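The values are calculated or read from the model by the stated rules, or taken from the named source; none is laboratory data. If you're wondering where the values come from, they're calculated on a predicted model, not measured in any experiment. A quick note on method: Cβ atoms are made from the backbone with ideal geometry, for glycine too, and the neighbour counts reach across all protein chains shown. Areas reflect the complete protein model, heavy atoms only, side chains present, ligands, DNA and RNA absent. Shrake-Rupley method; radii C 1.70, N 1.55, O 1.52, S 1.80 Å.
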Amino acid sequence: MLTARLQPRQLRFDFARRTEPGPLDAPGGGWSRRQESIGGVSVLVEAWAYDARCGQSMCAAALEEMLRVERVTSPLRPGSELSRINREAGQRAVSLSAEMYSLVARALELSALTRGAFDIRVAAGPAPAEVRGGLPGDPAPPEPTAGSPRARGVLLDPDRHTLRLDAPDLRIDLGGLALAHAVECAARVLRRRGATHAIVSVGGHTRVLGDRRGRPWSVPFADAAGAEGTARRLALADGCLSIVRERQHGPGDAITRFEADEAAGPLEPSPDHRGPRPGRSVAVRAADGLAAAALAEAMLALGGERGMTLLPALPGAEAVIVEAQGQVRASPGLGDAPASPVAQ
């Protein structure tokens with residue numbers, strides 16, 4: 001599903017920018033680049049190859065793989081596997097493909113890892129239509145009820161590879177996890193075809209193979225330039241980066257906040273807070289693309305200090321949270337993320 005997850009946020013499709021060509025970008029090899037739209041979302045694939053036709057073939061195969069994932073995971077396609085799950089799993093156990101079973105199982109693991117702050121469960125029923133990331137018709141997130149379960153209700157049978165939802169008014173939305181999965185699948189295709197320097201990016205989720213031929217890629221992170229005309233950028237090489245951003249809300253909009261009775265206890269949603277909420281941005285850099293995507297969404301939901309407390313759950317990961325007012329909280333590895341001139 002190449003759409004944004006059903007959370008109060010706004011994702012811009014900020015792709016990594018190359019630096020100026022250097023000595024390693026020599027004749028006899030070059031970069032092939034494809035940027036297209038899949039499911040209404042802009043996708044970037046770029047790979048270095050000694051032969052231009054080979055490079056174009058790599059990029060085309062990666063794009064085709066992302067389209068395949070979109071056909072499986074899109075909630076907007078009536079024939080997708082995810083749509084079939086949401087139609088039928090509330091009444092009976094539904095058989096899953098190996099890919100979908102693995103993806104849902106991983107989502108539940110990541111929900112537990114984040115103590116419920118990342119969650120694929122959403123309530124069914126009519127909701128106001130909005131445009132998210134260029135995709136119309138994606139329903140707005142429902143207001144949760146007090147005490148609603150956040151890590152229960154999605155019942156997987158590991159022997160039969162089936163899924164059952166414990167109530168007919170529930171459905172699942174893989175959101176940013178499906179985006180990250182599409183990126184990871186495309187990166188695997190590039191590897192199999194021999195790519196050692198490549199980038200795949202969609203909806204704030206980026207995977208880099210190797211580096212930019214001797215230098216890291218530079219990924220724009222901040223939504224807007226600061227007073228000095230600079231913007232925060234993050235370096236990325238041989239890893240992944242997930243960026244999520246919060247949508248600005250007007251008065252009267254329901255805002256979901258997560259509350260916990262104990263620091264180590266589950267993080268349950270509280271629907272009692274309404275009104276405008278400042279937008280914030282979260283970036284998580286890690287080796288594991290799916291975990292980075294889930295952790296970024298969980299940290300965005302919690303914000304500030306509480307969001308940063310989740311970071312140790314993913315060893316080796318680094319994160320930065322920029323509040324709408326400009327306050328920055330960052331792990332040591334991203335604390336010195338440079339502010340660079342904004343391109344005109």
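Some notes on this structure:
- Of the whole protein surface, GLU88 contributes about 50 Å² of accessible area at a 1.4 Å probe radius.
- Scalar couplings 3J(HN,Hα) for the stretch 204-221, obtained by applying the Karplus form with A = 6.51, B = -1.76, C = 1.60 to θ = phi - 60°, are x, 10, 10, 10, 10, 9, x, 9, 8, 6, x, 8, x, 6, 10, 9, x, 10 Hz; x denotes Gly and Pro.
- Contour minus Cα-Cα distance for GLU88 and ASP166 (0.36 nm per residue): 26.9 nm
- Vicinal HN-Hα couplings computed from phi for the stretch 303-318 (Karplus, 6.51 cos²θ - 1.76 cosθ + 1.60; Hz; Gly/Pro x): x, x, 4, 5, x, 5, 5, 7, 4, x, 5, 10, x, x, 7, 10
- For the stretch 294-333, a Kirkwood radius taken over Cα pairs fed into Stokes-Einstein (37 °C, viscosity 0.692 mPa s) yields D = 323 µm²/s.
- Overall dimensions of the stretch 67-115 as given by Cα atoms, namely Rg and Dmax in Å: 11.7, 32
- Cα-projected label distance for SER97 with GLN325, points at 7 Å along beta-carbon direction, nm: 4.7
- Taking θ as phi - 60° and the Karplus parameters 6.51, -1.76 and 1.60, the scalar couplings of the stretch 325-334 work out to 7, x, 5, 10, 10, 9, 6, x, x, 10 Hz in sequence order, x denoting glycine and proline.
- At R0 = 25 Å, FRET efficiency that the Cβ-Cβ distance of ALA123 and LEU156 yields, to 0.05: 0.80
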